[in-house]
Amino acid sequence: MADSITITNNRTGETIEIPLVDGTVSARSWSSLLPGIWFDDPSFSATSGADSAITYLDGEAGLLRYRGYPIEQLAEQTTFLEVAHLLVRDKLPTVTQLKAWQSEIAEASPIHENFHKRILEGFRDDAHAMGVLVSSIAAMSTFWPDSKDIENPEQRRDETTRLIAKMPTMAASAHRRSVGLPYVFPDPELDYTSNFLSMMFKLGDSPYEVDPVLRDALDMLFVLHADHEQNCSTTTARVVGSAHADPYVTVAAAAGALYGPRHGGANEAVLRMLEEIAEFDNVDDFIAGVKTGDRKLMGFGHRVYKNYDPRARIVKDTAHRVFDVTGMNPLLDIALKLEEVALADPYFVDRKLYPNIDFYSGLIYQSMGFPVEMFTVLFTIGRTPGWLAHWDEMLSQDSRIARPRQRYTGPADRDVPSIDVR
Ligand code: SDX
């Protein structure tokens, strides 16, 4: 049986055969048979928009691999900086390469003093940390005008290093500003995640005591968030990057997409949902409200995973290690009850709704002392290497500017009436 499809345009009787290549059919081949006819797929759920060698997902089987390595192994055996190197430099680093990479990142992690004085201090006191971070990332574009040289692979490599290095510094600074604490500058002696925790929580002159269990858990969460194929924010990065915009405004656009509660903002929405449910006995009523369509069970469902999100399983296991240090999060029982009820209820089973990465991650963040407004900021730190890997890959390919077509549903051609008869 041929690995192809044959289609006929019944208007002309013309027929063409199109090969099936890596699970796709070429839209250009279709268009040669159907000039001026577009594929109607508003949320791109049946459309492949990129060729990518970075991440492989199998939603039915619940598989996730970064450059061929299973997420379960990466989460257990590598650090976030090793995974960032894998994503943006296409290989897991050797010991020597990792040391050099750590030095590059440490050297690039400070942000300009003007950032604190003139940009961060311009926000309202109650500004959401994610709004501050998205603006800060875009503002970096004005500090690095050479970043516009996006067709230069060396320049792209430098900007990639800079963004990965500075993201925790900007993130921690957004938090320190919101709680009225003095900024803490990066400490090159600390590893990436310890440095972030120190910049977040250090008080006074004494060094911040990093708990290795919490540091390792957060580092692993960054690994789990590092990339996820053509998700909404990564697609945004590829679209904005296809216009040859600089990497700072490209990553800022991606972070803006991530901020949405349907996407990375879900971890914050889950915590607020659990706090609203508040009592174990309120779970059944809440689930009833979801089934009538009045509410969404935040942290559940996924466009691709129609099985348990493999990352959610790892996060759930990690939660217990964290709670052994921080003490049990009282909202965990409500989350476990929600999961138990939902996984047994036909409403969720029939729609293949399972916990995704955002369902349990917020409980860990809260127990570590992060305010809920920082949850999507943490997702941003993790996803930055993924966005940049896709941005670089897209620019390395013979990519054209992203410009979809539409189905026009507006009024037919008509004359403009003069204002006195409108
Ligand atoms: C992330 O794409 C990625 O890879 C994203 C991500 C990544 O790493 O980048 O994995 C990270 O964004 C995870 C998702 C986090 N978002 C949430 O947890 C928010 C709650 N989830 C939903 O908003 C929803 O599930 C989406 C947005 C995640 C997916 O939406 P889809 O694919 O468009 O699914 P849909 O809206 O078409 O839902 C199909 C059915 C509908 O019911 P019917 O109309 O068939 O009766 O399932 C229902 C939906 O109403 N449904 C839900 C639900 N999610 C879908 N019902 C209740 N609660 C939910 N959470």
Sole residue being in the same structural domain as residue 79 (by TED's automatic domain parsing), modelled with pLDDT of 95 or more and more than 17 Å from residue 376 (Cα to Cα), chosen from 135, 103, 173:
103
Output the number of the condition that residue 317 fails; it satisfies all remaining conditions of (1) within 19 Å of residue 368 (Cα to Cα); (2) within 13 Å of the ligand (Cβ to nearest atom); (3) modelled with pLDDT under 95.
(2)
For residue 342, the lone unmet condition from (1) away from the ligand (no atom under 11 Å from the Cβ); (2) farther than 26 Å from residue 369 by Cβ; (3) in contact with a strand residue (DSSP E or B) (Cβ under 7 Å, 6 or more places away or on another chain) is (1)
Across the stretch 1-34, the tally of residues that are over 37 Å from the mean Cα position of the chain (by Cα) and either within 18 Å of residue 47 (Cβ to Cβ) or surrounded by 12 or more Cβ atoms within 10 Å (Cβ to Cβ) (or both) stands at 5
List pairs: first in the stretch 297-311 and within 20 Å of residue 44 (Cα to Cα) and not assigned by TED's automatic domain parsing to the domain that holds residue 353, second near the ligand (Cβ under 7 Å from one of its atoms) and not aromatic (Phe, Trp, Tyr), Cβ under 6 Å, 6+ apart or cross-chain?
none
Wholly inside the stretch 1-86, strands (runs of 3 or more DSSP E) that include 2 or more residues that are assigned by TED's automatic domain parsing to the domain that holds residue 97 are 55-58, 63-66
Could you go through the stretch 389-402 and let me know if any residue there is part of a loop (DSSP other than H, G, I, E, B), modelled with pLDDT of 95 or more, within 11 Å of the ligand (Cβ to nearest atom) and under 25 Å from the mean Cα position of the chain (by Cα).
no
Residues of the stretch 365-388 being more than 16 Å from the ligand (Cβ to nearest atom) and either in a helix (DSSP H, G or I) or not assigned by TED's automatic domain parsing to the domain that holds residue 245 (or both), which ones?
366, 367, 368, 373, 374
Condition check: closer than 27 Å to residue 374 by Cβ and at pLDDT 95 or above. Does residue 161 satisfy that?
yes
In the stretch 248-290, what residues are part of a helix (DSSP H, G or I), small (Gly, Ala, Ser) and over 21 Å from residue 343 (Cβ atoms)?
252, 253, 254, 255, 256, 257
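The values are calculated or read from the model by the stated rules, or taken from the named source; none is laboratory data. As the structure is a prediction and not an experimental result, all values here were calculated from the model. No Cβ is skipped: glycine too gets one built from the backbone with ideal geometry, and neighbour counts run over all protein chains shown.
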